[in-house]
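The values are calculated or read from the model by the stated rules, or taken from the named source; none is laboratory data. None of the values given here were measured: they were computed from a predicted structure. Counting neighbours? That spans all protein chains shown, and the Cβs are built from the backbone with ideal geometry, glycine included.
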Amino acid sequence: MSFVAGSSALRLRFPLPFIATSFAVLVGFSGCERSQPATSSPRAAASAPVEDLGRFTPQPIGAGVEGKPWISHVAIADLDRDGLPDVLACDDRARAVTWLRQVSRGKFEESTLADNLPAPVHVDAVDFDGDGDLDLLVACMGEVFPNNDKIGSVIVLENDGRQRFTRHVLLEQVARVTDVRAGDFNGDGRLDLAVAQFGYDQGEIRWMENLGDWQFKSHNLLNLSGTINVLVADFTGDGAPDIVALVSQQWEEVYLFENDGRGNFTNKIIFGSTNEDYGSSGISLCDLNRDGRLDVLYTNGDGFAYADPGQRPWHGLQWLENRGHGLFKFHRIGNVPGAYSPVGVDLNGDGATDIVCTSGFNDWTKPKAVALVGFINDGAMNFTPHLYAYEPTQLIACAAGDLDGSGRISIVTGGFYSYPPFDRMSRITLWQPQP
Ligand SMILES: [Ca+2]
Ligand SMILES: [Ca+2]
Ligand SMILES: [Ca+2]
Ligand SMILES: [Ca+2]
């Protein structure tokens, strides 16, 4: 999921004083039409949080903590296709993408796949060239903290089939890149790329048409700074991959770029907040209500955007329900101070999809500031928060999946330490479910 301290880290705007009513004036958009502002109080989780500390047992994996770790992204993929899912991570201290190979159930060995990368903040494993092995799409910001220079890049690490990688720099010297995902947008059989460029005041969203032989042609989609994530999926049900993007800098908005199947996109806002300090921190894909349409999970908790970094009372988790035909409905799920990295998974195995997320920016001087939280779905989209852990702190990266073949979900988190207190630190942590 996604990051980003980067994201956060990187914004620089002019924080406005919080207006007490801002929560109540979240504006939901339905298609192009602005719906009635929600004037009632925010529908945070109705249920009281359940302290559930024994549910997952944390265990550091890979290299240990040295200094202040900066893990901006983790992902789960069976990179060597040996049947055991592995973990991929962006380590911004090491300027590297690393591979934590699961050598036997629950045991991981870490190795560097590529170093000297300029602030890698997102890695996605996909067979980009169609030869049967997993290649890696890497988004590089150039510099994680605010910077307006054209230092971003898009790098593809091409797998030779034995997990040795050739580096292809597909785009460089552009506004800082926060996310890159693949999709065949023009239907010619070659995977193209959707690219999020956070920038600073010159960010943009583009797609890069794959011309073959590692040649690409860029097509601009939107000139706005602050894009954190792009998601690629057929959101509208016509068979062509669309793009959803989260933009956070000047405005806090989620865009749908609807593809006509030939790479022509029409965009519209599917959610916008009137709170300029909403703190958008990430989106991910999930069919939460299992109706066959992919929905968008969404956290706001970027505490770095403020003059005084930290949590805010309106931080939390929500989902944008895909109602079809490009229409989305906003639902608040619950409050999470400093919320980051929402992941939709069935945490308790009852057939309903739950959500796990982390906190990157809580009040860590308090012993019971939550760091990892699950929202358990009763099957009717009512969620009860389960507090899984108060430490390690400052987790902005999260992934989850069945890592051991048991059918039960494990969680992986990454720590990114950008402000004090610098204690209870972690680098990469595996959270295994207890029986
Ligand atoms: Ca493997
Ligand atoms: Ca490949
Ligand atoms: Ca194509
Ligand atoms: Ca759905």
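Here are a few things to note about the model shown:
- Of residues in the range 60-83 being closer than 19 Å to residue 410 by Cα, under 23 Å from the mean Cα position of the chain (by Cα) and not in a strand (DSSP E or B), the one nearest to ligand 4 (Cβ to nearest atom): 78
- Test: residue in the range 284-291 that is out of contact with any Pro (no Cβ under 8 Å at 6 or more places or on another chain), more than 16 Å from ligand 3 (Cβ to nearest atom) and closer than 19 Å to residue 249 by Cβ: no
- Residue selection: residue 154 satisfies the criterion of being under 16 Å from residue 230 (Cβ atoms) and away from ligand 2 (no atom under 16 Å from the Cβ).
- Test for residue 232: is it farther than 19 Å from residue 153 by Cβ, more than 16 Å from ligand 2 (Cβ to nearest atom) and among the β-branched types (Val, Ile, Thr): yes
- Count - residues of the range 105-142 that are more than 10 Å from ligand 2 (Cβ to nearest atom) and on the phi > 0 side of the Ramachandran plot: 4
Listed here are the residues, each with its yes/no results for (1) closer than 22 Å to residue 125 by Cβ; (2) outside any strand (DSSP E or B); (3) within 16 Å of ligand 2 (Cβ to nearest atom).
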position: 150; (1), (2), (3): no, yes, no
position: 161; (1), (2), (3): yes, yes, yes
position: 168; (1), (2), (3): yes, no, yes
position: 173; (1), (2), (3): no, no, no
position: 179; (1), (2), (3): yes, no, no
position: 201; (1), (2), (3): no, yes, no
position: 208; (1), (2), (3): yes, no, no
position: 217; (1), (2), (3): no, no, no
position: 225; (1), (2), (3): no, yes, no
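- Set 199, 226, 237: member being closer than 20 Å to residue 268 by Cα and either out of contact with any Phe, Trp or Tyr (no Cβ under 7 Å at 6 or more places or on another chain) or of a type in the set (A, V, I, L, M) (or both): 237
- For the range 86-134, filtered to residues that are in a loop (DSSP other than H, G, I, E, B) and buried (at least 21 other Cβ atoms within 10 Å of the Cβ), the residue that is nearest to ligand 4 (Cβ to nearest atom) is 128.
- Residues located in the range 239-280, provided they are polar (S, T, N, Q) and either closer than 22 Å to residue 293 by Cβ or touching a residue at least 40 places away in the same chain (Cβ under 8 Å) (or both): 248, 249, 250, 259, 266, 267, 273, 274, 275, 280
- Across the range 224-281, the qualifying residues are those that are within 16 Å of ligand 4 (Cβ to nearest atom) and of a type in the set (A, V, I, L, M, F, W, C), and the one among them that is surrounded by the fewest Cβ atoms within 10 Å (Cβ to Cβ) is 233.
To keep it simple, each residue is scored yes or no on (1) over 18 Å from the mean Cα position of the chain (by Cα); (2) closer than 24 Å to residue 104 by Cβ.
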residue	(1), (2)
373	no, no
380	yes, no
388	yes, no
392	yes, no
403	yes, yes
415	no, no
424	yes, no
429	no, yes
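- Among the residues listed as 396, 411, 355, the single one being among the aliphatic types (A, V, I, L, M), at pLDDT 95 or above, touching a helix residue (DSSP H, G or I) at 6+ places or on another chain (Cβ under 8 Å) and buried (at least 23 other Cβ atoms within 10 Å of the Cβ): 396
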